[in-house]
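Written below as structure tokens is the structure these notes are about.
Each value in this text was obtained by applying a stated rule to the coordinates, not by laboratory testing. Bear in mind that the values here come from a model prediction, so they are computed numbers and not experimental data. Note: ideal-geometry Cβ built from the backbone for every residue, glycine included; neighbour counts use all protein chains shown.
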Amino acid sequence: MTDQAHKATSLTEPASPTSANAPEPQRPDGARTGMAFGRHWIQRYATLVGFAIMVAAFWIAEPAVFGTLDNMRSILELAAPILILAAGLTVVLSNGEFDLSFPGLIGLSAVVGVQLMSDHGANAAVAIVGALAVGLAGGLVAGFLVSLQRASSFIVTLALQTVFTGIALGLSGGGSTIADVTEGYISVTFNRVLGVPLPIVYAAVIVLAAFVLMRFTVFGRQTLAIGSNPGAARLAGIRVGQTRMWGFVVMGLCAGIAAVILSSQTGQFSPDLAGGLFIPPFVAAFFGISVLAAGRFNVFGTTVGALFVATLQTGLTIVGADSYLANIVIGAVLIVILFVAAQSRTQA
Amino acid sequence: MATREQPVVALRDVEKAYGTVQALRGVSFEIHAGEVIGMVGANGAGKSTLNKVISGQTAPTGGELLVDGEPVNFAHPREALAAGIALVPQELSLIEDRSVAENLFLGRMPKRLGFVLDGELQAQSRAALARVGLDDIDPTVPASELTPVEQRLVTIAEAISKQPRVLILDEPSAALPAETAARLEPIIRSLAADGTAVIYVSHRLAEIQRLAHRVFAMRDGRHAGDLAREEITIDAMVQLVGGSALREEPRPVVKTRADAPVVVRSRGLGGTLVHDADLQLHRGEIIGIGGLQGSGRSELLRLIGGIQGRSAGDVDVLGGGALETPHAAVRRGVGYVPEGRKAMTFPTMSVAANSTIALITDISRMRTFVDVGRERELAGGIAERVRMVGDLDAPITTLSGGNQQKACISRWLLKGVKLLLLDEPTVGIDVHARAGIHQLLRELAAEGTTIVVACSEPEELVLLCHRVFVMVEGGVAAELEAPFNVEQVVAASYAR
């Protein structure tokens with residue numbers, strides 16, 4: 001076997017042009033030498049360079065505020081829920097599916113967690129377990145409905161978004177704010193470890209877990225295969241519906257974690273808890289396709305994308321842009337990123 | 001084809017380099033009005049590149065291109081088209097949700113005052129379709145409603161309707177079953193008779209033998225030689241394409257099946273088209289399923305493999321009863337390779353990941369974490385075993401068609417399947433890659449794998465199979481046992 005393995009490595013070296021079996025070049029159009037290299041470089045780094053230019057612009061505009069360590073920390077803190085949601089979303093998107101229900105699920109998880117404390121006198125641990133359980137259950141419902149393959153996940157989760165939001169409003173007595181949380185619950189996000197706010201630690205752990213899940217596990221490999229070619233995945237013996245369902249469960253758990261962080265940070269449940277968190281995870285995930293011309297959803301790219309969108313939001317606030325303007329900018333950025341992502345996908 | 005005339009198109013010492021890869025190395029070529037040139041060569045020999053140069057899709061890096069004796073530099077395929085040169089690419093290029101008529105006359109619809117003249121468009125479309133024998137197609141239906149075969153013919157009709165002086169057909173028959181491919185031949189003959197010069201690229205040497213006035217062979221980016229009309233034989237072409245050693249030997253007939261264990265047994269098996277199929281397949285056999293297009297070849301294969309649900313009868317596979325899903329099939333040791341590589345490959349994944357996907361759970365630690373080292377070792381070993389050439393870490397789309405097919409078959413070899421079902425495994429693959437796949441299937445059968453091949457080409461069935469079931473209109477019309485010949489397969493295919 002070692003002999004075989006040794007020879008195998010030689011296979012990885014590019015076939016010499018004189019080899020009779022040299023594959024025919026794939027995209028032989030136009031001039032390719034110098035220009036093609038340039039195009040290749042642009043594809044790999046365009047969005048990263050855009051990110052750097054944006055950072056530089058904010059830095060130059062507000063050097064006294066933007067460039068501070070405090071600001072970096074607040075960007076990361078803002079990025080934490082985006083990172084967590086975007087990581088979960090990457091799993092679902094990699095499956096070739098969509099999830100529009102997570103903002104509703106965040107509200108529902110948060111109201112259950114907070115009410116366990118306010119109405120039932122539960123401690124922080126019970127409240128957290130309750131919120132996460134609701135997130136898991138919501139993901140399971142979405143995943144199960146999608147795996148029936150009667151309707152696209154886009155429509156199914158759009159409907160669930162309304163259902164989840166409705167239940168959350170009902171539970172909270174028509175959407176009133178519930179501020180009765182325990183001190184332990186607040187400390188879940190308030191404390192720091194070695195100067196690092198806990199939400200950042202949680203986000204780092206989740207992102208790392210998602211990276212390992214997608215890169216090094218059977219589930220991740222099968223998810224990529226389904227996203228790449230669902231028909232071929234089925235023929236290869238992969239249980240497509242089941243794998244997709246577990247993707248939604250991962251997303252649901254991430255929504256539950258985000259719900260705990262957000263309600264702990266604000267010390268309350270309010271109906272607009274997930275407001276502003278709908279679009280950024282999508283921006284992050286689609287940004288990720290273009291990073292290093294990956295050509296597919298990937299956790300590393302998503303992470304860069306989440307930092308990008310958090311930096312953009314913070315920067316706009318620092319330079320004093322109105323929130324309506326921030327909405328317009330982020331929406332426009334998503335459109336641009338979708339175009340860039342489509343480009344790197346067709347080229348991959 | 002008077003050779004004293006000026007050639008319509010000529011190449012003089014044309015070079016083409018893609019980066020460091022030299023695709024064409026000083027190729028000279030000419031074609032005259034009314035001439036049909038059969039272009040042959042292994043995958044990667046430079047046939048497609050040569051035709052892209054002629055049709056203005058890529059610029060040569062050396063040498064010159066002459067049209068009617070005048071040097072030209074095409075900056076865009078449009079310019080080549082204006083000079084009367086049309087290329088029908090290997091890949092289908094129809095817009096699926098547009099009507100057939102719009103596809104046929106995209107960008108050149110009959111108009112008045114900016115409005116499309118619909119009646120005129122339909123009439124012209126019907127005429128163009130009739131030219132390729134698609135009289136019964138309604139030009140107003142979306143292209144997606146056509147079968148792949150009809151779509152292929154529409155792309156050819158589109159090119160013909162431009163009335164080119166030079167028509168390049170890059171493997172027009174590769175994706176067509178043999179009987180449909182035969183429909184192209186009279187069309188090409190009549191075009192040539194009207195003075196069109198035709199460059200016909202194909203791996204199907206029998207077609208070239210029937211059609212070509214001259215054979216132009218390519219090897220390693222060079223012109224490997226010519227054959228005049230009277231010199232064209234399959235042996236001579238094979239010789240030019242890659243040397244004499246590669247002529248495939250018909251398989252030795254192995255008579256072991258009588259006492260070999262039964263792997264598949266069906267009784268009255270039926271699907272949507274297939275009915276009353278009674279089969280008994282033994283360990284180590286290579287079984288062919290022949291028949292015309294639409295006879296139920298592919299469906300029978302899918303019914304055995306549990307890819308498609310059965311409507312009648314019973315089938316037992318490897319002693320475990322019928323298979324209900326592909327997942328169940330894989331677990332029981334049955335691998336299915338569908339027709340067309342796109343149905344089988346994961347384009348965003350590496351060659352290695354493509355060849356290990358079916359057994360990724362088996363080779364993982366605690367059935368959860370992918371053992372990347374083991375994966376690489378297995379992928380490298382199998383690549384060597386199937387003689388696949390390519391970078392294991394690159395996306396599978398970087399491989400040639402034949403190598404992609406090998407990577408897909410590798411998946412089932414690594415899984416160690418006992419029954420391998422293949423639908424048209426060598427369509428669109430050059431003669432050498434094809435011989436390689438045949439060789440591999442023979443080796444597998446010798447090791448005890450049962451192999452079932454659904455195939456439209458009688459020649460391939462004769463070359464490969466111990467036993468063939470010939471389908472006619474969904475039923476098994478004949479069972480032929482080696483030695484049998486092409487004529488017997490064809491005769492059985494047309495039996496009633």
What order, most packed first, do the peptides B:375-386, A:135-146 have when packing is the mean number of other Cβ atoms within 10 Å of each residue?
A:135-146, B:375-386
Just checking the output field for A:235-247: average partner chain Cβ neighbours within 10 Å of each residue's Cβ?
5
Could you give the length gained on full extension between residue A:323 and residue A:242, defined as 0.36 nm per residue of separation minus the Cα-Cα distance, in nm?
25.1 nm
Shape call, region B:372-424: gyration tensor on alpha carbons, a/c limit 1.5
oblate
With label points set 7 Å from each Cα along the Cα-to-Cβ direction at residue A:70 and residue B:190, the distance between them in nm comes to 8.4 nm
Residue B:393-residue B:95 FRET efficiency (beta carbon distance; Förster radius 35 Å; 0.05 resolution):
0.50
Which percent, nearest 5, of DSSP beta bridges in the protein assembly as shown are antiparallel?
60 percent
Where both residues lie in chain B, what percent of DSSP beta bridges are antiparallel, nearest 5?
55 percent
Got a sec? How would A:201, A:260, A:181 order by Cβ neighbour count within 10 Å, fewest to most?
A:201, A:181, A:260
Lysine pairs in chain B with Cα atoms under 21 Å, if 8 or more residues apart or on separate chains
9
Based on the mean of other beta carbon atoms within 10 Å per residue, what is the order of A:121-127, A:307-313, most packed first?
A:307-313, A:121-127
MRE, 222 nm, helices only [DSSP H, n ≥ 4, -39500 (n - 2.57), over chain B, to nearest 500]
-9500 deg cm²/dmol
Distance (nanometres) between label positions extended 7 Å along Cα→Cβ at residue A:215 and residue B:331
3.3 nm
Footprinting exposure proxy for B:451, A:75 (fewest neighbouring C-beta atoms within 10 Å first):
A:75, B:451
Modelling each spin label as a point 7 Å along the Cα-to-Cβ direction, I'd like the residue A:201/residue B:228 distance in nm, to one decimal.
8.8 nm
Taking r as the C-beta separation of residue B:446 and residue B:120 and R0 as 60 Å, the FRET efficiency to the nearest 0.05 is 0.45
Before rounding to the nearest 500, sum -39500 (n - 2.57) across all DSSP H runs of length at least 4 in chain A and divide by the residue total; then give [θ] at 222 nm in deg cm²/dmol.
-24500 deg cm²/dmol
For peptide B:352-363, how many partner chain Cβ atoms fall within 10 Å of a residue's Cβ, on average?
4
Under the definition of partner shielding as Cβ atoms of other protein chains within 10 Å of a residue Cβ, what is the mean value for peptide B:332-345?
2
Would you mind getting me the FRET efficiency between residue A:187 and residue B:163? Use the beta-carbon distance for r and R0 = 60 Å, nearest 0.05.
0.15
Quick one: length gained pulling residue B:183 to residue B:265 fully straight, 0.36 nm per residue minus the C-alpha distance?
25.8 nm
